[in-house]
Amino acid sequence: MQRPLLRLPGEPGSGPAPWIGTNFWSRAGGPLMWRRFDPDTVRAELRVLRQHGLTFTRSFFYWPDFMPEPDRVDEEACESYTTFLDLHAAEGMYTIPTLFVGHMSGENWDPAWRGGRDLYGDVWMVARQAWFAGEMARRYAAHPAVAGWLVSNEMPLYGGAGAREQVASWAQLIVTAVRAAGGTQPISLGDGAWGLEITGRDNGFRLRDTARLCDFVGPHCYPMGDDPARQHYAAAWICELSGSFGLPVLLEEFGLSSDFAADDHGAHFYRQILHNSLLAGASGWAAWNNTDFDGLEHQDPYRHHPFELHFGITDATGAPKPQLTELRKFADTLAEVDFPRLSRTPAETALVVTSFLDTEYPFTEPPADGQYAFDTLRQAYVATRLADLPVAITRESDGLATDAKLYLVPSTKQLLTPTWYQLADLAAGGATVYVSYCAGAHANQRGPWQPAMNTMFGFEHRLVYGLVDTVEENEFEFEFVRPFGPLAAGARLVFRTGGNVHSRAMLPVEPTGAEVVAVDGKGRPALLVRRTGAGATVFCTYPIEHMAATLPRVNPDPTRDLYDALADFAGVARAVTVDEPRVAVDTMVHEDGTRYVWFVSQAAEELTVKPVVRNGGRLAEDAVALPPFGVRVLKVEG
């Protein structure tokens, strides 16, 4: 399976290049910068960004200032924006203007004339927006510093959720207005990619509609979690999901407030987000944001959201913070490996994304089912990364890919009936299909929604209607009674128990045609293999991915070791691996055939790993030293 790495177009006047930049408000005013525009300060702010390898900003038309009346733009604000563009050009930088900025950093601001009208459904209000979008495109589209367009800043937080048909129509009209006015640059919506296909919660902004209307997807990611590895892979997972719709991915917002993280931890977070999202298919990055805002303490939103003062990659004097240093290092790495000519290595493992994440079926529990799927799949994704396992997602709602050697269906209660039969056929055709049990995390029709589970996996389940077989212990173990990949007979994996009263349960089974590979601490089947046709099914009787997803500071979880064994069992190719479960390895390939290997550590201390190059060649270093949460990139020689 190909793992997409779709390119953003080259910046104006250049060939393809990674977009590395930041969201921008001047420290002289923040969102009110256009009222007292200070070109000298802006020039200095841009210069320090450019000196650290950044090539673009995302800029904002603060709507109350730029459109004070429904049929008039503010000429002084527009003149200031022209100067802003000229300053970019003078520094060899570009910008992506954002059209409708009514939400910013914890506050909403309306133009005085809005009068509470609905932004998506009121015909007059939509017409005013289309007029403004066209007016801005007519003024600025020809400027060499304009690299793209964004329709909004997090419109779901400003206009609220809307009906899908209205939101899509609104977006189509605004995009059409920009195009008609000469805005030929790449465009997207700026909504944050928080809709149904990503989060399982429908706000009306569907990525399927974005893919039809726009040129790239722009997720915004500010994770709050309880596990360091999940935190470091949060943006990567969002990029994988966002990239499944055939458009390039610009990680449009990510970052942290220095009030929430010490400087060294902030640097670790930036390093991890940048490299992990790169390996997940992102081809552009815009940090939030360029500067701290000390001195604006009495100005909203900073008055009531004080942590918003310190999201900067420079401080309020313009001095670089450690986060900007990480962006500089990242830009240097991408230049060294000639990133525009790299591609992701193909994946022979497919992570199956249930359609219950992105489709609302009757008489189900869409918000709960979607959140369950998102959390469980994210944890499984982290396990694949730590197992050095190239993985591609395959959405059930788009039809499963048919060319994988290994299909992972982690802790999945719900798939459509035809999909279960398709998975059985894929196994018979030569693939390995792995499924782990889960009864679900709520009481609505609790139990496995698998129409031919006994036949497909070669056992008889022993469920009692309406009840679950609760795992009482705080830990449970798998003892392997037969070799399985690198796991020898007698090997043990110890898992922490998670879940709630519904999901903290295992599936009791009696084997019929399946072979028991591992048993739990009570001697019950824990992992079973059934040979079928040219392939096999592998069934885990515990919801190990879901349980881990509910637990704090759980990674690396032993699921990583099981996935490592599954990869060997299924004959999945992995170019380079390491034995250390806290280090993830992935490979990218240059168009000239050169292979580059990324080593990404999830350890808080320095580690040294000994990589195994599996398909020829060698690395310059037999032992790779990694600093805390460090990243190294090495070339495969020969």
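The values are calculated or read from the model by the stated rules, or taken from the named source; none is laboratory data. Keep in mind that this is a model prediction, so the values were computed, not measured. Reconstructed Cβ throughout: ideal geometry from the backbone, glycine too, with neighbour counts over all protein chains shown. We work out accessible area using only protein heavy atoms, side chains counted, and drop any ligands, DNA or RNA first. Shrake-Rupley method; radii C 1.70, N 1.55, O 1.52, S 1.80 Å.
Annotations for the structure displayed:
- Fraction of beta bridges assigned by DSSP in the chain that are antiparallel (%, nearest 5): 55
- Set of lysines near K635 by C-alpha distance (under 16 Å), chain-local residues within fewer than 8 positions excluded: K610
- In the chain, helices alone account for a calculated mean residue ellipticity at 222 nm of -9000 deg cm²/dmol, with every DSSP H run of four or more residues adding -39,500 (n - 2.57).
- Prolate/oblate/rounded call for region 553-610, Cα gyration tensor, a/c under 1.5 rounded: oblate
- Rounded to the nearest Hz, the phi-derived 3J(HN,Hα) couplings of region 534-551 under the Karplus curve 6.51 cos²θ - 1.76 cosθ + 1.60 (θ = phi - 60°) are 8, x, 7, 10, 10, 10, 10, 7, 10, x, 5, 5, 5, 4, 4, 4, 8, 10, where x marks glycine and proline.
- When nucleic acids and ligands are ignored and a 1.4 Å probe is applied, L173 ends up with an accessible area of around 100 Å².
- Cross-link partners of K413 among aspartates and glutamates (Cα-Cα below 17 Å; sequence separation of 8 or more within a chain): D358, E360, E365, D369, D375, E396, D469, E545
- Accessible-area rank, largest first, for T455, T419: T455, T419, with all protein chains present and a 1.4 angstrom probe.
- Within the accessible area of region 52-100 (1.4 Å probe), percent carbon and sulfur: 43
- Accessible surface, 1.4 Å probe, highest first, among residues L157, L150: L157, L150
- In the assembled protein chains, R201 presents an accessible area of approximately 120 Å² (probe radius 1.4 Å).
- Dipole moment magnitude, nearest 20 debye, the chain about Cα centre, only Lys, Arg, Asp, Glu C-beta charged: 1220
- Placing a label point 7 Å from the Cα of Q299 along the Cα-to-Cβ direction, the residues of region 22-59 whose backbone N falls under 11 Å from that point are 25-38.
- Span from the region 360-429 Cα centroid across to the region 156-186 one, whole angstrom: 32
- Crossing angle, helix 75-90 versus the chain [Cα axis fit, 0-90 degrees, rounded to tens]: 60
- Of all lysines in the structure, those lying under 21 Å Cα to Cα from K321, and not within fewer than 8 positions of it along the same chain, are K329.
- Angle in degrees between helix 263-279 and the longest Cα principal axis of the chain, rounded to the nearest 10: 70
- Net length gained if the chain between E360 and E591 were fully extended (0.36 nm per residue, minus Cα distance): 79.0 nm
- Per-residue SASA entry for H265, accessible area with 1.4 Å probe, Å² rounded to 10: 100
- Region 426-518: trypsin sites (Lys or Arg not before Pro) in DSSP loop, at most 14 other beta carbons within 10 Å: R462
- Whether the chain is rounded, prolate or oblate, judged on the alpha carbon gyration tensor where a/c under 1.5 counts as rounded: prolate
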